[in-house]
1. Quick query: amide H of Leu112 versus all other amide H atoms, modeled in the peptide plane; which residues come in under 5 Å with a sequence gap of 5 or more or a different chain?
2. Which whole number of Å³ per residue matches the convex hull of the alpha-carbon atoms in the range 2-127?
3. Relative contact order for the chain using alpha-carbon pairs under 8 Å, separation at least 6, rounded to a whole percent?
4. Please compute the net charge surrounding Ala106, taking Lys and Arg as +1 and Asp and Glu as -1 over other residues with Cβ under 11 Å from its Cβ.
5. Counting DSSP beta bridges with both partners in the chain, what percentage is antiparallel, nearest 5?
6. Can you compute 3J(HN,Hα) from phi for each residue in the range 34-49, using the Karplus curve 6.51 cos²θ - 1.76 cosθ + 1.60 with θ = phi - 60°, rounded to whole Hz and x for Gly and Pro?
7. Using the eigenvalues of the Cα gyration tensor, what equivalent ellipsoid semi-axes result for the range 68-128 when each is taken as the square root of five times the eigenvalue, whole Å, largest first?
8. Amide H to amide H under 5 Å from Ser5: which residues, 5+ apart in sequence or cross-chain, H placed 1.01 Å off N in plane?
Amino acid sequence: MVLDSVQGLNDVHRKLKEFIASAETVIRLEADTGGNPQPYDEFLPYLEFEKTSGPIFASFNEDRGIKVRGSVENLEIYTDFFEFGEDEDTEHHHPEYVLDKEDYIAPGTLSLIIEADNYYIEEYQYES
């Protein structure tokens, strides 16, 4: 699960859109892993996106970061799931649920939940 405030997720969305429009092939977004992750077991250390070809494939790296790779066209769709409206606090998105596009998601890809929770993030920042 990727968890942040609405503003935090919209910042991630903006950075990913800038990356997709750039000549760069890889972006790594480091996460704040200080503090107590309860009720979760651990914090994800980073998100890494890579422009390749073909469908989206998301997986854990050996150091527990999440790596997402795929064509620019598919990454454009996938990264839009990181955008949240101000009225979507406590909502979540599933970027693999695009049913009308063939060759969008590779078999065996990690099912990622992207959740906005302003209160949790405020409490987490207070406790850090």
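Every read-out reported here was derived from the displayed coordinates using simple, explicitly stated rules and does not represent laboratory data. Quantities reported herein were computed from a predicted structural model and do not represent experimental measurements. Note: ideal-geometry Cβ built from the backbone for every residue, glycine included; neighbour counts use all protein chains shown.
1. When sequence neighbours closer than 5 places are left aside, the close amide H contacts are Glu96.
2. 111
3. On the way: 215 pairs, mean separation 41.6, N = 128.
Dividing the mean separation by the residue count of the chain yields 33 percent.
4. -1
5. Bridges in the chain are about 55 percent antiparallel.
6. x, x, 9, x, 3, x, 8, 6, 7, 9, 6, x, 5, 10, 10, 10
7. Semi-axes from the Cα gyration tensor: 28, 12, 10 Å.
8. Here Asp117 satisfy the definition.
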